[in-house]
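Down below is the structure, laid out as structure tokens.
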Amino acid sequence: MATELVTPGSKTFTWLPLTSLMVSILTLVTDRWRLSVRADEAWGELYDLVTDQNETVNLWWNEAMAGVRAELSMRLIQEIQRQADDVPLPSRIA
């Protein structure tokens, strides 16, 4: 069972168990794109949901999509930051 966090315009999935392993997957879904990245992997998934509704063509390695991948990656990071707990700065040095 995956832990799911839903926000307006995007979904973020974390900790999807596969057998006895835990795999960290983060996904951002927009009206047009689905970007998924995995912890400890140098690759991911990028699908154009307008032209490829069945998500059959992974555009991750398509050099023409590097800008889209970078923009969506930044949006995913920003979404994670927005959902993180606020931690106050220390008031003194330990």
remark   = Of (1) touching a residue at least 24 places away in the same chain (Cβ under 8 Å); (2) outside any helix (DSSP H, G or I), ASP85 satisfies every one except (1)
message = For the condition touching a strand residue (DSSP E or B) at 6+ places or on another chain (Cβ under 6 Å), modelled with pLDDT under 95 and among the hydrophobic types (A, V, I, L, M, F, W, C), what is the one hit in LEU46, LEU89, LEU76, LEU59?
response = LEU76
query = Quick one: TYR47 ticks every box in (1) surrounded by fewer than 16 Cβ atoms within 10 Å (Cβ to Cβ); (2) out of contact with any helix residue (DSSP H, G or I) (no Cβ under 9 Å at 6 or more places or on another chain) bar one, so which box is it?
reply = (1)
ask   = Among the numbered criteria (1) in contact (Cβ under 8 Å) with a residue 12 or more places away in the chain; (2) not in a helix (DSSP H, G or I), which single criterion is violated by ARG75?
value = (2)
Per-region count, region 50-70, residues among the hydrophobic types (A, V, I, L, M, F, W, C) and exposed (fewer than 11 other Cβ atoms within 10 Å of the Cβ) = 3
ask   = Considering region 1-36 alone, what residues qualify as being at pLDDT 85 or above, of a type in the set (Ser, Thr, Tyr) and part of a strand (DSSP E or B)?
value = THR27, SER36
query = Does region 37-72 hold any residues that are of a type in the set (A, V, I, L, M, F, W, C), assigned to a helix (DSSP H, G or I) and farther than 23 Å from SER24 by Cα, and which are they?
reply = ALA64, MET65
request  = Would you please name the residue that is surrounded by the fewest Cβ atoms within 10 Å (Cβ to Cβ), looking only at residues in region 29-44 that are aliphatic (A, V, I, L, M) and more than 11 Å from LEU76 (Cβ to Cβ)?
outcome  = ALA42
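The values are calculated or read from the model by the stated rules, or taken from the named source; none is laboratory data. Quick caveat, the model's predicted, so the values are computed rather than measured. Counting neighbours? That spans all protein chains shown, and the Cβs are built from the backbone with ideal geometry, glycine included.
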